[in-house]
């Protein structure tokens with residue numbers, strides 16, 4: 001029934017700052033834009049083939065009553081290179097650590113404070129082995 005995660009939607013208080021972060025720092029590809037009343041209202045970003053994020057403009061008053069994402073996770077090929085890139089762009093990033101799912105991870109925040117997790121799978125990752133995890137957090 002479910003084929004894939006089509007997209008993830010987040011709100012931004014400053015679309016240009018979000019575009020700079022997600023495209024300029026993380027290297028995601030712009031896919032298309034949303035316009036409302038002749039102004040940029042949001043945009044779609046390609047994360048990977050068939051996987052997208054959409055980011056819409058909002059303000060503090062509009063956020064009242066909206067659900068917020070706790071975090072989202074992006075899979076990467078080289079976590080060390082990503083951490084270096086984030087640091088070069090002045091983004092605070094946590095140290096690399098091996099999670100209970102046997103997957104390498106680190107975290108940062110986007111310009112609006114949304115938590116981003118980055119993962120680099122290992123051959124032992126539960127995402128491949130389907131091994132249950134025991135958490136201590």
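Each value in this text was obtained by applying a stated rule to the coordinates, not by laboratory testing. Quantities reported herein were computed from a predicted structural model and do not represent experimental measurements. Cβ coordinates were reconstructed from backbone atoms using ideal geometry, including for glycine residues, and neighbour counts include every protein chain displayed.
Would you compute, from DSSP H runs of 4+ residues alone, the mean residue ellipticity of the chain at 222 nm, taking -39500 (n - 2.57) per run and dividing by the full residue count, rounded to the nearest 500?
Details: 4 runs with 23 residues, N = 137.
Only helices count here, giving -3500 deg cm²/dmol.
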For region 1-125, one quarter of the surface area of the C-alpha convex hull, expressed in nm², comes to 9.5 nm²
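When DSSP assigns beta bridges and you keep just the ones with both residues in region 1-59, what percent turn out antiparallel, to the nearest 5? List each step's numbers first, then the result.
Working: 13 of 19 bridges.
Antiparallel bridges: around 70 percent, rounded to the nearest 5.
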Neighbour-count ranking for 32, 118, 72 (other C-beta within 10 angstrom, fewest to most) reads 32, 72, 118
Put in order of increasing Cβ neighbours within 10 Å, starting from the fewest, 94, 58, 103 give 94, 58, 103
Tilt, helix 79-88 to longest principal axis of the chain (alpha-carbon atoms), in degrees rounded to tens, equals 40 degrees
Per the rule of 0.36 nm per residue minus the C-alpha distance, extending residue 14 to residue 128 adds in nm 37.3 nm
Site residue 78, offset 7 angstrom along Cα→Cβ, radius 18 Å on amide nitrogen, limited to region 101-125, gives 104-106, 118-122
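Given region 1-59, report the % of alpha carbon pairs whose separation exceeds 19 Å.
Tail of P(r) above 19 Å: 27 percent of Cα pairs.
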Computed over the Cα atoms of region 70-137, the Rg and Dmax in Å are 12.5, 36
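I need 21, 128 ordered by Cβ neighbour count within 10 Å, fewest first. Walk me through the numbers before you get to the answer.
On the way: 21 23, 128 13.
Ordered by Cβ neighbours within 10 Å, fewest first: 128, 21.
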